[in-house]
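J.: Sharing a structure here in structure tokens format.
The values are calculated or read from the model by the stated rules, or taken from the named source; none is laboratory data. Only a predicted model underlies this, so the values are computations on that prediction, with no experimental measurement involved. Note: ideal-geometry Cβ built from the backbone for every residue, glycine included; neighbour counts use all protein chains shown. Side chains included, ligands, DNA and RNA excluded: accessible areas come from the protein's heavy atoms. Shrake-Rupley method; radii C 1.70, N 1.55, O 1.52, S 1.80 Å.
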Amino acid sequence: QVQLAESGGGLVQAGGSLRLSCAASGSNFGTNSMAWFRQAPGKQREFVAACNWNGVVTFYSNAVKGRFTISKDNAKNTGSLQMNSLKPEDTAVYYCTTRPSVSKSPEDYDYWGQGTQVIVSS
């Protein structure tokens with residue numbers, strides 16, 4: 001069983017930056033991959049970024065590539081998502097999640113945090 005808690009969301013102007021954090025408790029986080037998804041009102045949850053168990057191999061959606069950076073600190077059981085050059089279309093609730101191997105499909109994940117709201121104003 002893994003429990004996840006996201007933090008760091010907020011209101012930011014377009015072009016600004018935010019750093020989201022994910023605190024994990026329970027077993028397996030250190031050997032699991034980690035991913036971030038987001039869900040805007042009226043839309044399906046979509047893949048944002050993922051990394052393998054040690055954070056060395058990373059994956060990004062085309063929408064955020066070059067602007068967002070995912071990282072994972074196994075010693076602290078935490079992960080983060082650095083978001084730069086934010087755009088209004090990045091507005092969504094952001095969720096972190098984890099599983100043994102990377103997947104870009106939200107249906108493959110069993111554990112989710114409560115999410116953190118990001119609002120980017122134009």
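J.: From Ser25, Ser85, which residue is open to solvent by less than 70 Å² (accessible area, probe 1.4 Å) and modelled with pLDDT under 95? So that I can check it myself, show each step before the final result.
T.: Details: Ser85 fails: modelled with pLDDT under 95.
That would be Ser25, the only listed residue that is open to solvent by less than 70 Å² (accessible area, probe 1.4 Å) and modelled with pLDDT under 95.
J.: In segment 78-122, what count of residues is obtained for those that are outside any strand (DSSP E or B), more than 13 Å from Phe68 (Cβ to Cβ) and hydroxyl-bearing (Ser, Thr, Tyr)?
T.: Qualifying residue count, segment 78-122: 6.
J.: Taking segment 37-66, which residues are over 11 Å from Lys104 (Cβ atoms) and either hydrophobic (A, V, I, L, M, F, W, C) or not in a loop (DSSP other than H, G, I, E, B) (or both)?
T.: Scanning segment 37-66 gives Arg38, Gln39, Ala40, Cys51, Trp53, Val56, Val57, Thr58, Ala63, Val64.
J.: Turning to a different aspect of this structure: I'd like to verify a number: residues in segment 88-122 that are at pLDDT 95 or above, surrounded by 12 or more Cβ atoms within 10 Å (Cβ to Cβ) and hydroxyl-bearing (Ser, Thr, Tyr), how many?
T.: Adding up the residues that qualify gives 8.
J.: Going by what's in this entry, would Lys76 be described as under 17 Å from Asn28 (Cα atoms), touching a strand residue (DSSP E or B) at 6+ places or on another chain (Cβ under 9 Å) and free of Cβ contacts under 8 Å to residues at least 12 places away in the same chain?
T.: Details: under 17 Å from Asn28 (Cα atoms): yes; touching a strand residue (DSSP E or B) at 6+ places or on another chain (Cβ under 9 Å): yes; free of Cβ contacts under 8 Å to residues at least 12 places away in the same chain: yes.
Spelling it out, Lys76 is indeed under 17 Å from Asn28 (Cα atoms), touching a strand residue (DSSP E or B) at 6+ places or on another chain (Cβ under 9 Å) and free of Cβ contacts under 8 Å to residues at least 12 places away in the same chain.
J.: Does Ala63 qualify as being more than 19 Å from Leu18 (Cα to Cα) and either among the acidic types (Asp, Glu) or open to solvent by 50 Å² or more (accessible area, probe 1.4 Å) (or both)?
T.: no
J.: May I pose another question? Restrict the check to segment 44-59 and report whether at least one residue is of a type in the set (A, V, I, L, M), touching a Gly at 6+ places or on another chain (Cβ under 7 Å) and open to solvent by 40 Å² or more (accessible area, probe 1.4 Å).
T.: Going through segment 44-59, the residues of a type in the set (A, V, I, L, M) turn out to be 48-50, 56-57.
Filter once more, keeping what is touching a Gly at 6+ places or on another chain (Cβ under 7 Å): none.
No, the conditions are met nowhere in segment 44-59.
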